[in-house]
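Encoded as structure tokens, the structure appears first; notes follow it.
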Amino acid sequence: MVVQHAHTSQTTPASLPPSVFTLPQTAQLEALYTIIRDKTTSRGDFLFYSDRIIRLLVEEGLNHLPVIPKTVETPTGATYEGVGFEGKICGVSILRAGEAMEAGLREVCRSVRIGKILIQRDEETAQPKLFYSKLPQDIKQRYVLLLDPMLATGGSAMKAVEVIMEQGVPEERIIFINLIASPEGLRAFCTRYPTLRVITGWIDEGLNEKAYIVPGLGDFGERRYCS
Ligand code: URA
């Protein structure tokens, strides 16, 4: 048996758009994904380990926010020339699976405002349709962390960005945070929104005939909230 110690062999394909950033593909991260992909994993473990990945993703998302110089005085009386975040942020979760990422965002950004968007497939047109949205009133003055764990075809995420941009948020101020992406979903999303940064934990092989990501982890909402 070959034991891997540091980084796995997965690398970010050269063909990926420059706005896509993956988490460092370490053996630890792959171990976390292995647990949540396993169909025999209990709901409790699924919650625990998917939360760990979400936390890593949110921290990485925050690395993409601009900072400005900030000088403080320390208790020793010395000054420290550091940095502070340039703007305010908010989260927007795509219901229902994206709601699972809200706690991870709150853990690192205390009292962060979080909006919600519900998008479902319109059975007549087969297109993603907006059913509900509640966004922070001052969203256009904020950076937006858009939360959705699974980027399959990209339809819901693209519709959500459309809704957020209609509120006056430029695409450069939106950061999409996602656990697993399909290459085709990423391509469609990044072609439409080339300057919107995507932080994803893992890029999988593709989609099956039911538009599930493969190998994937099945239905994220089911795994998280049911059974
Ligand atoms: N949503 C999921 O929960 N799983 C997928 O594979 C695709 C979309």
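The values are calculated or read from the model by the stated rules, or taken from the named source; none is laboratory data. On a predicted model such as this, the values are computed, not experimentally measured, just so you know. Cβ placement follows ideal geometry from the backbone for every residue including glycine, while neighbour counts extend to all protein chains displayed. Only protein heavy atoms, including side chains, enter the accessible area calculation; ligands, DNA and RNA are left aside. Shrake-Rupley method; radii C 1.70, N 1.55, O 1.52, S 1.80 Å.
Some values worked out for this structure:
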{"item": "Qualifying positions in region 30-61 - within 14 Å of N178 (Cα to Cα), touching a residue at least 60 places away in the same chain (Cβ under 8 Å) and not β-branched (V, I, T)", "result": "Y33, S50, L56, L57, E60, G61"}
{"item": "Candidate set from region 54-113 (those that are in a loop (DSSP other than H, G, I, E, B) and in contact with a helix residue (DSSP H, G or I) (Cβ under 7 Å, 6 or more places away or on another chain)); member that is nearest to the ligand (Cβ to nearest atom)", "result": "R96"}
{"item": "Hits in region 193-227 (condition: modelled with pLDDT of 95 or more and of a type in the set (A, V, I, L, M))", "result": "L196, V198, I199, I203, L207, I213, V214, L217"}
{"item": "Pairs, first farther than 22 Å from E59 by Cβ in region 196-220, second part of a helix (DSSP H, G or I) and near the ligand (Cβ under 8 Å from one of its atoms), C-beta under 9 Å, six or more apart", "result": "D219/A97"}
{"item": "Those strands (runs of 3 or more DSSP E) lying entirely in region 114-227 with at least 1 residues open to solvent by less than 10 Å² (accessible area, probe 1.4 Å) and not hydrophobic (A, V, I, L, M, F, W, C)", "result": "174-181, 197-203"}
{"item": "Residue count for region 82-113, restricted to those that are surrounded by fewer than 20 Cβ atoms within 10 Å (Cβ to Cβ), of a type in the set (A, V, I, L, M) and touching a Gly at 6+ places or on another chain (Cβ under 7 Å)", "result": "1"}
{"item": "Output for region 106-131, where each listed residue is under 14 Å from R96 (Cα atoms) and either touching a Lys or Arg at 6+ places or on another chain (Cβ under 7 Å) or modelled with pLDDT under 90 (or both)", "result": "G115, K116, I119, Q120, R121, L130"}
{"item": "Filter result (within 7 Å of the ligand (Cβ to nearest atom) and farther than 20 Å from I53 by Cβ) within region 206-227", "result": "A211"}
